[in-house]
1. Taking the range 206-221 as the search range and keeping residues that are more than 18 Å from L137 (Cα to Cα) and of a type outside the set (G, A, S), which one is modelled with the highest pLDDT?
2. So the check is Cβ under 6 Å with 6+ separation or different chains; which pairs have a first residue in the range 105-133 that's among the charged types (D, E, K, R) and a second one that's not in a helix (DSSP H, G or I)?
3. Regarding the range 90-110, can at least one residue be identified that is of a type in the set (F, W, Y) and over 18 Å from L137 (Cα atoms)?
4. In the list A11, A43, which residue meets the criterion of being in a helix (DSSP H, G or I) and small (G, A, S)?
5. Hey, among the residues in the range 254-277 that are surrounded by 13 or more Cβ atoms within 10 Å (Cβ to Cβ) and part of a helix (DSSP H, G or I), which one's modelled with the highest pLDDT?
6. Please give the number of the condition L84 fails out of (1) within 20 Å of A124 (Cβ to Cβ); (2) outside any loop (DSSP other than H, G, I, E, B).
7. So, of the residues in the range 24-40 that are touching a Leu at 6+ places or on another chain (Cβ under 9 Å) and part of a helix (DSSP H, G or I), which turns out to be surrounded by the most Cβ atoms within 10 Å (Cβ to Cβ)?
8. Just a yes or no: is a residue in the range 181-200 in a helix (DSSP H, G or I), surrounded by 14 or more Cβ atoms within 10 Å (Cβ to Cβ) and modelled with pLDDT of 85 or more?
Amino acid sequence: MRYDLAGRVVAITGSTGGLGRAVAVALKVRGARLALFDLDADAVAAQVKSLGTSSDVWGTHIDVRSWETTEKAIDAAATHFGGLDVIIAIAGIAISSPMEKLAPEAFDRVIDINLNGVWRTFRAALPHVRQRQGYMLAISSMAAFVHSPLQAQYTASKAGIWAMCDSVRLEVRRLGVGVGTIHPTFFATAMMDEVLADPAGVKIWGGNSKGLWKMVPLQAVVDGVIRGIERRKDLIVIPSKNGLVARAPGLFRRSIERVGFNDRDIEAAIAAAGDGRR
(Lines give C-alpha, C1' and ligand atoms only; values in the text may rest on other atoms or scores of the structure.)
Protein backbone atom coordinates (compact mmCIF):
# COMPACT_ATOMS: atom_id res chain seq x y z
CA MET A 1 0.00 0.00 0.00
CA ARG A 2 1.18 3.53 -0.77
CA TYR A 3 2.32 5.49 2.27
CA ASP A 4 0.60 8.80 1.62
CA LEU A 5 2.83 11.78 2.43
CA ALA A 6 0.05 14.37 2.59
CA GLY A 7 -0.04 15.78 6.11
CA ARG A 8 2.93 13.69 7.28
CA VAL A 9 5.67 15.38 9.29
CA VAL A 10 8.99 14.72 7.53
CA ALA A 11 12.32 15.77 9.04
CA ILE A 12 15.45 16.20 6.89
CA THR A 13 19.06 16.62 8.00
CA GLY A 14 21.34 18.37 5.51
CA SER A 15 18.27 20.15 4.21
CA THR A 16 20.06 23.11 2.59
CA GLY A 17 22.36 21.02 0.40
CA GLY A 18 21.55 20.23 -3.22
CA LEU A 19 19.72 16.99 -2.54
CA GLY A 20 18.13 18.24 0.68
CA ARG A 21 16.65 21.30 -1.02
CA ALA A 22 15.27 19.31 -3.93
CA VAL A 23 13.76 16.64 -1.65
CA ALA A 24 12.16 19.31 0.55
CA VAL A 25 10.47 20.91 -2.46
CA ALA A 26 9.20 17.54 -3.72
CA LEU A 27 7.80 16.67 -0.30
CA LYS A 28 6.11 20.04 0.01
CA VAL A 29 4.39 19.47 -3.33
CA ARG A 30 3.01 16.21 -1.93
CA GLY A 31 1.56 18.00 1.06
CA ALA A 32 4.11 16.97 3.66
CA ARG A 33 4.90 19.18 6.65
CA LEU A 34 8.63 19.80 6.89
CA ALA A 35 11.14 19.95 9.73
CA LEU A 36 14.41 21.19 8.21
CA PHE A 37 17.82 20.76 9.85
CA ASP A 38 21.26 21.92 8.80
CA LEU A 39 24.54 23.11 10.26
CA ASP A 40 24.03 26.59 8.77
CA ALA A 41 21.22 28.16 10.82
CA ASP A 42 20.91 31.19 8.52
CA ALA A 43 20.56 28.96 5.46
CA VAL A 44 17.83 26.96 7.22
CA ALA A 45 15.95 30.12 8.13
CA ALA A 46 16.07 31.31 4.52
CA GLN A 47 14.92 27.88 3.32
CA VAL A 48 11.96 27.88 5.69
CA LYS A 49 10.95 31.34 4.50
CA SER A 50 11.12 30.25 0.87
CA LEU A 51 8.96 27.16 1.42
CA GLY A 52 6.08 28.27 3.59
CA THR A 53 4.77 29.41 6.92
CA SER A 54 5.64 28.17 10.39
CA SER A 55 2.49 26.04 10.42
CA ASP A 56 3.79 23.61 7.80
CA VAL A 57 7.53 24.34 7.47
CA TRP A 58 9.88 24.73 10.44
CA GLY A 59 13.64 24.55 10.78
CA THR A 60 16.58 24.84 13.13
CA HIS A 61 20.32 24.33 13.47
CA ILE A 62 21.67 20.81 13.90
CA ASP A 63 25.14 19.34 14.17
CA VAL A 64 24.92 15.59 13.62
CA ARG A 65 28.41 15.24 15.16
CA SER A 66 26.82 16.09 18.52
CA TRP A 67 24.29 13.85 20.24
CA GLU A 68 23.05 16.71 22.40
CA THR A 69 22.26 19.09 19.52
CA THR A 70 20.81 16.30 17.38
CA GLU A 71 18.43 15.16 20.11
CA LYS A 72 17.50 18.74 20.99
CA ALA A 73 16.70 19.66 17.38
CA ILE A 74 14.61 16.56 16.66
CA ASP A 75 12.73 16.81 19.96
CA ALA A 76 11.98 20.47 19.19
CA ALA A 77 10.59 19.55 15.76
CA ALA A 78 8.37 16.85 17.28
CA THR A 79 7.12 19.35 19.84
CA HIS A 80 6.40 21.97 17.19
CA PHE A 81 4.40 19.59 14.98
CA GLY A 82 3.01 17.33 17.68
CA GLY A 83 4.89 14.32 16.35
CA LEU A 84 7.15 12.98 13.63
CA ASP A 85 6.37 10.49 10.86
CA VAL A 86 9.52 10.29 8.72
CA ILE A 87 13.19 11.12 9.18
CA ILE A 88 15.58 11.45 6.21
CA ALA A 89 19.30 11.50 7.07
CA ILE A 90 20.99 13.36 4.20
CA ALA A 91 23.83 15.22 5.95
CA GLY A 92 27.17 13.97 4.67
CA ILE A 93 30.59 14.85 3.25
CA ALA A 94 33.16 13.30 0.90
CA ILE A 95 36.95 13.49 0.77
CA SER A 96 39.16 11.86 -1.89
CA SER A 97 42.61 11.00 -0.56
CA PRO A 98 44.71 7.81 -0.20
CA MET A 99 45.47 6.35 3.21
CA GLU A 100 49.13 7.37 3.03
CA LYS A 101 48.17 11.05 2.66
CA LEU A 102 44.89 11.39 4.52
CA ALA A 103 45.11 13.05 7.93
CA PRO A 104 43.69 10.76 10.64
CA GLU A 105 41.35 13.53 11.81
CA ALA A 106 39.94 13.82 8.26
CA PHE A 107 39.07 10.10 8.27
CA ASP A 108 37.41 10.49 11.66
CA ARG A 109 35.40 13.48 10.42
CA VAL A 110 33.94 11.58 7.45
CA ILE A 111 32.96 8.62 9.61
CA ASP A 112 31.56 10.85 12.36
CA ILE A 113 29.32 12.84 10.02
CA ASN A 114 28.33 10.20 7.48
CA LEU A 115 27.92 7.14 9.69
CA ASN A 116 27.76 8.21 13.32
CA GLY A 117 25.61 11.16 12.28
CA VAL A 118 23.00 8.83 10.79
CA TRP A 119 23.00 6.73 13.96
CA ARG A 120 22.52 9.84 16.14
CA THR A 121 19.74 11.08 13.85
CA PHE A 122 17.86 7.79 13.88
CA ARG A 123 18.42 7.27 17.61
CA ALA A 124 16.97 10.71 18.39
CA ALA A 125 14.05 10.29 15.97
CA LEU A 126 13.01 6.74 16.89
CA PRO A 127 10.98 7.57 20.03
CA HIS A 128 8.85 9.90 17.91
CA VAL A 129 8.68 7.85 14.71
CA ARG A 130 7.61 4.70 16.56
CA GLN A 131 4.56 6.49 17.96
CA ARG A 132 3.28 6.88 14.38
CA GLN A 133 4.72 3.66 12.97
CA GLY A 134 6.68 5.78 10.55
CA TYR A 135 9.76 5.39 8.40
CA MET A 136 13.47 6.24 8.58
CA LEU A 137 15.60 6.70 5.45
CA ALA A 138 19.37 7.19 5.18
CA ILE A 139 21.24 8.40 2.12
CA SER A 140 23.94 5.85 1.36
CA SER A 141 25.55 5.37 -2.06
CA MET A 142 26.57 2.78 -4.63
CA ALA A 143 29.92 3.24 -2.86
CA ALA A 144 28.48 0.91 -0.23
CA PHE A 145 28.93 -1.90 -2.76
CA VAL A 146 31.61 -0.61 -5.18
CA HIS A 147 34.71 0.31 -3.19
CA SER A 148 36.93 2.77 -5.02
CA PRO A 149 40.54 3.79 -4.36
CA LEU A 150 41.23 7.10 -2.56
CA GLN A 151 37.87 6.85 -0.82
CA ALA A 152 38.29 4.32 1.98
CA GLN A 153 36.76 6.78 4.44
CA TYR A 154 33.73 7.43 2.22
CA THR A 155 33.08 3.84 1.14
CA ALA A 156 33.45 2.64 4.73
CA SER A 157 30.90 5.19 5.91
CA LYS A 158 28.39 4.34 3.19
CA ALA A 159 28.77 0.57 3.58
CA GLY A 160 28.40 1.12 7.32
CA ILE A 161 25.14 3.01 6.79
CA TRP A 162 23.73 0.11 4.77
CA ALA A 163 24.76 -2.51 7.36
CA MET A 164 23.62 -0.40 10.30
CA CYS A 165 20.21 0.30 8.79
CA ASP A 166 19.70 -3.38 8.03
CA SER A 167 20.35 -4.22 11.67
CA VAL A 168 18.10 -1.45 12.95
CA ARG A 169 15.37 -2.52 10.52
CA LEU A 170 15.23 -5.93 12.20
CA GLU A 171 15.02 -4.33 15.63
CA VAL A 172 12.14 -1.97 14.86
CA ARG A 173 9.98 -3.90 12.40
CA ARG A 174 7.95 -5.29 15.31
CA LEU A 175 7.10 -1.68 16.17
CA GLY A 176 5.70 -1.06 12.71
CA VAL A 177 8.64 1.21 11.80
CA GLY A 178 10.26 0.95 8.38
CA VAL A 179 13.96 1.57 7.69
CA GLY A 180 15.53 2.09 4.29
CA THR A 181 18.71 3.13 2.51
CA ILE A 182 19.02 4.74 -0.90
CA HIS A 183 22.06 4.04 -3.07
CA PRO A 184 22.48 6.48 -5.95
CA THR A 185 25.45 6.65 -8.27
CA PHE A 186 27.00 10.06 -8.97
CA PHE A 187 24.60 12.99 -9.34
CA ALA A 188 25.02 16.74 -9.65
CA THR A 189 25.40 18.59 -6.31
CA ALA A 190 27.88 20.98 -4.72
CA MET A 191 29.69 17.90 -3.40
CA MET A 192 30.19 16.69 -6.96
CA ASP A 193 31.44 20.14 -7.96
CA GLU A 194 34.26 19.60 -5.47
CA VAL A 195 35.01 16.17 -6.96
CA LEU A 196 35.14 17.62 -10.47
CA ALA A 197 37.45 20.39 -9.26
CA ASP A 198 39.83 17.87 -7.67
CA PRO A 199 42.55 16.51 -10.05
CA ALA A 200 42.57 13.22 -8.12
CA GLY A 201 38.79 12.86 -8.43
CA VAL A 202 38.89 13.64 -12.14
CA LYS A 203 41.64 11.06 -12.66
CA ILE A 204 39.74 8.31 -10.85
CA TRP A 205 36.26 9.03 -12.22
CA GLY A 206 37.15 10.41 -15.65
CA GLY A 207 35.10 13.56 -15.14
CA ASN A 208 31.92 11.53 -14.55
CA SER A 209 30.76 12.19 -18.10
CA LYS A 210 30.46 8.68 -19.50
CA GLY A 211 30.73 4.96 -18.83
CA LEU A 212 30.34 3.38 -15.39
CA TRP A 213 30.78 6.65 -13.52
CA LYS A 214 28.42 8.84 -15.55
CA MET A 215 26.24 11.10 -13.42
CA VAL A 216 22.47 10.69 -13.25
CA PRO A 217 20.09 13.66 -13.00
CA LEU A 218 19.42 15.02 -9.52
CA GLN A 219 15.70 14.60 -10.17
CA ALA A 220 16.16 10.85 -10.59
CA VAL A 221 17.55 10.67 -7.05
CA VAL A 222 14.77 12.88 -5.67
CA ASP A 223 12.17 10.66 -7.34
CA GLY A 224 13.88 7.64 -5.80
CA VAL A 225 13.71 9.17 -2.33
CA ILE A 226 10.01 9.97 -2.66
CA ARG A 227 9.18 6.60 -4.18
CA GLY A 228 11.17 4.81 -1.47
CA ILE A 229 9.28 6.58 1.31
CA GLU A 230 5.88 6.06 -0.30
CA ARG A 231 6.61 2.34 -0.63
CA ARG A 232 8.52 2.10 2.67
CA LYS A 233 11.29 0.26 0.85
CA ASP A 234 14.36 -1.06 2.63
CA LEU A 235 16.63 -0.69 -0.44
CA ILE A 236 16.43 1.89 -3.23
CA VAL A 237 18.95 1.88 -6.08
CA ILE A 238 19.45 4.76 -8.54
CA PRO A 239 19.59 4.06 -11.43
CA SER A 240 17.65 0.81 -11.17
CA LYS A 241 20.01 -0.92 -13.63
CA ASN A 242 22.55 -1.06 -10.79
CA GLY A 243 20.14 -3.13 -8.73
CA LEU A 244 21.91 -6.46 -9.29
CA VAL A 245 25.21 -5.06 -8.05
CA ALA A 246 23.53 -3.61 -4.98
CA ARG A 247 21.51 -6.72 -4.14
CA ALA A 248 24.28 -9.28 -4.67
CA PRO A 249 25.91 -8.81 -1.21
CA GLY A 250 22.56 -9.47 0.46
CA LEU A 251 21.49 -12.32 -1.81
CA PHE A 252 20.81 -14.70 1.08
CA ARG A 253 19.89 -12.02 3.62
CA ARG A 254 16.13 -12.59 3.66
CA SER A 255 16.51 -16.35 4.04
CA ILE A 256 18.95 -15.92 6.92
CA GLU A 257 16.65 -13.40 8.59
CA ARG A 258 13.65 -15.73 8.36
CA VAL A 259 15.56 -18.65 9.84
CA GLY A 260 17.77 -16.83 12.31
CA PHE A 261 15.89 -13.79 13.63
CA ASN A 262 12.25 -13.93 14.66
CA ASP A 263 10.57 -10.93 16.26
CA ARG A 264 9.86 -12.72 19.53
CA ASP A 265 13.54 -13.50 20.10
CA ILE A 266 14.58 -10.01 19.02
CA GLU A 267 12.16 -8.44 21.50
CA ALA A 268 13.44 -10.69 24.30
CA ALA A 269 17.03 -9.86 23.42
CA ILE A 270 16.29 -6.12 23.48
CA ALA A 271 14.66 -6.47 26.89
CA ALA A 272 17.72 -8.32 28.18
CA ALA A 273 20.28 -5.95 26.66
CA GLY A 274 22.15 -3.26 28.54
CA ASP A 275 22.76 0.31 27.40
CA GLY A 276 26.26 -0.36 26.04
CA ARG A 277 28.11 1.25 28.93
CA ARG A 278 30.94 -0.70 30.54
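1. Taking the candidates together, the pick is P217.
2. Matching pairs, first to second residue: D112/R65; R120/V64; R130/V177; R132/G83; R132/D85.
3. Yes, the conditions are met somewhere in the range 90-110.
4. After applying the criteria, what remains is A43.
5. E267
6. Looking at each condition in turn, L84 falls short on (2).
7. A24
8. No, every residue in the range 181-200 fails to be in a helix (DSSP H, G or I), surrounded by 14 or more Cβ atoms within 10 Å (Cβ to Cβ) and modelled with pLDDT of 85 or more.
The values are calculated or read from the model by the stated rules, or taken from the named source; none is laboratory data. Values in this document were obtained by computation on a predicted structure and should not be read as measured data. Please note: Cβ atoms are built from the backbone with ideal geometry, for glycine as well, and neighbour counts cover all protein chains shown.
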